[in-house]
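Chemist: I'd like to ask you about the structure that follows.
The values are calculated or read from the model by the stated rules, or taken from the named source; none is laboratory data. Quick caveat: nothing in here was measured; it's all calculated off a predicted structure. So basically every Cβ, Gly included, is an ideal-geometry build from the backbone, and we count neighbours across all protein chains shown. Note: accessible area is taken over every heavy atom of the protein model, side chains too, but ligands, DNA and RNA are not part of it. Shrake-Rupley method; radii C 1.70, N 1.55, O 1.52, S 1.80 Å.
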Amino acid sequence: MPLNHGCVYHDRVRPRDAGTSVLAYHVAHFSHSNEAAWRRSIEEGRVRVNGHKAAAEERLAFGDRLEFERAPWNEPRAPLAFGVAHEDEHVLVLLKPAGLQVLPAGPFHEHTLVRLVRASSPVRAESSPVHRLGRGTSGLILFGKTSAARAPRGTDAPARRARKT
């Protein structure tokens, strides 16, 4: 199975984390890797703060922009085809197979429905799901092709939010 293209994860330093070292921040917030692995990633230049390569003991400030460049990896097998039940200029109704994750997460980055849809046609490049189906679920899923199609509908949406406060 070929490697994917890797990815860059983005984060921002919150007020409670100001003054923390780059290494301590990553160890505390991203437990998928231990301290030794994070130190190696920092030393290899795959962690950046505000666009520059970070040092492990560099202190972070509120609002700093963090980037972690994850090297390419082999993604788990997944179906890489979907069907189209309906398409017009605003929406796309797809037949999602079981086993295909909708959004990138965990070990799935390129083997996802959103990546496949966006790569399938220039008119679908901005398409996004308006609801989700779990990876193991097959069925119809609605994508909005335009910002208007992805926007909340109905006049009761603001009223529902207001009642919750």
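Chemist: For residues that are open to solvent by 50 Å² or more (accessible area, probe 1.4 Å) and of a type in the set (A, V, I, L, M), tally how many sit in the range 83-97.
Modeler: 3
Chemist: For the range 42-68, enumerate the residues that are in a loop (DSSP other than H, G, I, E, B) and of a type in the set (A, V, I, L, M).
Modeler: ALA54, ALA55, ALA56, LEU60, ALA61 - these are the residues of the range 42-68 that are in a loop (DSSP other than H, G, I, E, B) and of a type in the set (A, V, I, L, M).
Chemist: Moving on. Give the residue that is nearest to LYS145 (Cα to Cα), with candidates limited to residues of the range 113-133 that are outside any loop (DSSP other than H, G, I, E, B) and in contact with a Leu (Cβ under 6 Å, 6 or more places away or on another chain).
Modeler: VAL114
Chemist: A further question follows. Using beta carbons and a limit of 7 Å, which pairs, at least six apart or on different chains, have the first residue in the range 112-123 and under 14 Å from ARG135 (Cα atoms) and the second one of a type in the set (A, V, I, L, M) and open to solvent by 40 Å² or more (accessible area, probe 1.4 Å)?
Modeler: THR112/LEU103; VAL114/LEU103
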